[in-house]
């Protein structure tokens, strides 16, 4: 009886008796766990031409109470989709608080960068650069853990002459931003697991008002990626409870460096102006 | 005649005629360029038992107008100490804006992490962790390019139960912070080249009021590192005009992960409380 | 037939046939319109010992579809509860854009202050001062239009030596704040019409964690005032579409001035420290 | 011998022996104390056709060590120009911490509004409204105590459809703003006694880059007012140590109300969009 086993075990136990549609469904779920971890029963069904009700009955036939319980099982297998609390409980049970934490973290972050590098699509990247260069104004959105990344990107874009602004709070002020989006604007939205509703809603508002959206997130099937015109993925594995922003910051460096070569005159002129402002002020120690 | 050459060439041309003191001075300068790039003539002299006037005359004997011109020559040889404007001019002249910018950036950031990892002193790291755990309240300071890193660290520390707060602006509000420092507090200051005067002054205020200071910066001889109780260095090489925060973010991950293993009960209890607040709210898509 | 008239007209038309309970209900609603404008059917019923169902049937007997429609009728009669959009439409239809707008605004703000002054309860005020003085740490919360007031109060409290911090965004970062409240802390929450859910939820979290709450709001029956330990009301009438913060800022001045006389030694010592920090810095023109 | 007396007494004692130029100087200084409190010797001299050296010698002839000491004497007589620390010392010595503080504060704020109302020049006000309506983008600057006012004004302008942004920190990020000013932009700068260097420098940068500047400050002779195209004054008297923002907030209400009647279509359309964003979100309790 597989009703107590993992999702794989349950599917294996029952797959002999599956109809053609159920086989397609089983295959889709096993191959797209990240998608399933955030999609509704209806959305999953749609991918294989089945109704939401079919998906729910499929889950029940495997011994789950319903689709939510199947989804929870999928999430449990995805380390990235544990909450910080769950992840910490798990790690504390396994990893001794040994002295080599620093090297583990640095190593994990190098792997994060390598994975992020290998998933970057040059074609989508070039198209996103075009969208940035074409925009009159840029709103960089991120809240919670994503706020530092949004702050960094907005600052870096401004330093090379783009009219960029960060929206970090996800609260009422951001609704006023959402209200004033228009097709001359571009939204760059950064969002990580335990996705912020406000960021996805701002992306939706952008679509509604005709502004393009670039998503920078941890999964190509995250809710944000699904509403964006261009989506980029950064690996965010952490050693303890937390997600890592390291590879995401490296990906933002890629954008800024490539943009500076795209618009070298704008970049040099803007750097010259910023440099002059720095030199005139008394705020830097080196002037 | 070496009066037009590099610092090395000029020193080589004249070194035969140097006094013992000048030899010491020459050796010190060639071996400590980062220090010289930010130190005054008097500070450099002190390192070898010479007066400021001696250092100035030494510079003049090499064909420089004075110490500032020698210092400028030192800085020119240190890629990290070019301004963004100078760096961009240099890179645009050399590097063709080719399609492999992404891979160059990712590669450079991996090297940054490796260099940062190899420079981490385990003893100083453990001592800094002790200081963090012992502090009643923590002020994380960073402005300009360092602001995103400070925001990330303050947020991450709060998530695992430390009473941390970010000070990002470097303006008047930060002076009010400075005024209220006391020995029960800890300042973690993040500062990168073209060092912010306000961050160094806050670190000085911390010393004055008896609060310990952890510096996270790009050079062990940066002005901030020199006033800190504990100093950590991150490599920040960038491909185009800008410095990279990537390795610095990885270093912050190291701190947060190690702290979570230092105080596992506090971490789990705090994650549990944050998790509960997340679940109750409507701000996350996953609840 | 009064089914098309105002709430008053409908009640007048039917009151002859009212039961005793319905009479109490009618009287309560007409006398407490601000309360009704934000309360649920159940809450209104409770005030007169009736069930939610009774309140709904009462609304229907007056010709409304249900309680929500009755509530909407109440709100329409309360100028303070129009949205900015509704208010602007109304004002544009009535008031010619004449040159005396400045004097109208100043006059309206003086009336706002006079109304705010007359509604201040000395007893509750003294009790709130006690709570502020007793707290170890203070979180001042306000978002949207209330954010400037929260920023001002937190800054002013810090200048006279209280450990106060502003939470302005209402987003994820505020949830982390909510998670760490405890009985040694005090929340001062500022919230105006079109009340922010996040501010009320933070106040609820404060109650849950044993922290006291001072509410500063535009109505003693606002949702925030109802969960607070101490509630203060500021008049916020505006001349055009917007609410005025003027009297609320004056009320905050009252708090700060009274606190400075409550703790004169702390105030002078803190001002001395801030003054010293100002004098040492290069950020002020007068030093 | 008047060398120990007040400025008035000293001038009275010596005025018999004054040259014509010194008489003009004495008269100017006694009539323009606020100006003298912030102006250099050279600036004061210029007003009466005298050199800086003449002004210094004049100060010395009155028994002061130099111009700075005379200026300090002038400042001592201006209650608005005491630091918070000096003011508190003075008030604590005079005013008993009596129960009528609230009524004193409210009364003082009403006087502040009346003074602010009477000093508003309709002609300059209309010209400033024109400048706001004509600008493509608006940067509202204020730091320290002025930050809440700047935040309020930027928010209020955005709600009625102006492309406004607040710059509150006065640090490095503001230098990047300064670097990108151009003639299509408008700066609205808010600055109060113990004037922030960064705000005045931003105004200067605006002038340099051809952007117009509206100053909102506490004195027509403040450093900021002197570099602005349009200057407005708010009375800021406080009861205890602190300055009051109340009348300044009322003045900002005047701007926002007048602007909403200037551009009614833009206002209604923007309110409609913001209203829609509010209604769609779950952030407000009333939706």
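Bear in mind that the values in this text are calculations on the coordinates, not laboratory data. Fair warning: this is a prediction, and the values are worked out from it, not measured in the lab. Counting neighbours? That spans all protein chains shown, and the Cβs are built from the backbone with ideal geometry, glycine included.
Could you state the per residue volume, in Å³, of the convex hull enclosing the Cα atoms of segment C:169-220?
69 Å³
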On alpha carbon coordinates alone, what is the Rg over Rh value for segment D:152-287, Rh being the Kirkwood radius?
1.01
Would you mind listing the distances between the residue C:279 label point and the same position in each other copy? Use 7 Å along Cα-to-C-beta, nm, one decimal, shortest first.
3.5, 5.5, 5.9
Could you work out the relative contact order of segment B:7-77? I mean the mean sequence separation of Cα pairs under 8 Å and 6+ apart, divided by the number of residues, in percent.
31 percent
Between 0 and 90°, nearest 10: helix C:246-262 axis offset from chain C longest Cα axis:
50 degrees
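Normalised by the number of residues in chain C, what is the relative contact order in percent for Cα pairs under 8 Å and 6+ residues apart? Let's see the in-between values first.
Details: 408 pairs, mean separation 47.5, N = 287.
It rounds to 17 percent for chain C.
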Pull up the DSSP beta bridges for the protein assembly as shown and report the antiparallel fraction as a percent, rounded to 5.
5 percent
homo-copy label distances at residue B:52 (7 angstrom along Cα-Cβ), nm, one dp, ascending, are 2.4, 7.6, 7.7
Equivalent-ellipsoid semi-axes (√(5λ), Cα gyration tensor) for segment A:209-285, whole Å, largest first?
32, 20, 11
On a 0 to 90 degree scale, rounded to 10, what angle separates helix B:67-77 from the longest Cα axis of chain B?
60 degrees
Partner chain Cβ atoms within 10 Å, averaged over the residues of A:261-271 - can you pull that number for me?
4
Rotationally averaged projected area of chain C (alpha carbon convex hull; nm²):
19.3 nm²
Largest-first principal axis extents of the Cα set of segment C:198-240 (Å):
40, 19, 12
Can you compute the label reach from residue D:134? Point 7 Å from Cα along the Cβ direction, backbone N cut-off under 13 Å, restricted to segment D:217-232.
D:229-230
So, relative contact order of segment D:203-268 in percent, Cα under 8 Å, 6 or more apart, is 20 percent
Can you compute the helix-only [θ] at 222 nm over chain C? Use -39500 (n - 2.57) per DSSP H run of at least 4 residues, normalise by all residues, nearest 500 deg cm²/dmol.
-18000 deg cm²/dmol
The protein assembly as shown - Rg (one decimal) and Dmax (whole number), Cα, Å:
32.2, 117
Please list, by residue number, everything in segment D:205-239 whose backbone N is under 12 Å from a paramagnetic label point 7 Å out along Cα→Cβ of residue D:47.
D:220-222
Just for the Cα atoms in segment C:88-234, what are the lengths along the principal axes, largest first, rounded to whole Å?
52, 34, 30
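Just order B:251-257, D:163-169 by mean Cβ neighbour count inside 10 Å, highest at the front, would you?
On the way: B:251-257: 25.9, D:163-169: 21.0.
Descending mean neighbour count gives B:251-257, D:163-169.
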Inter-copy distances for residue D:31, label 7 Å out on the Cα-Cβ vector, sorted ascending, nm, one decimal, are 6.4, 7.1, 9.0
Relative frequency of Cα-Cα separations exceeding 20 Å in segment D:1-68, percent
16 percent
Mean-position separation - Cα centroids, segment B:14-76 and segment A:251-287, in angstrom
31 Å
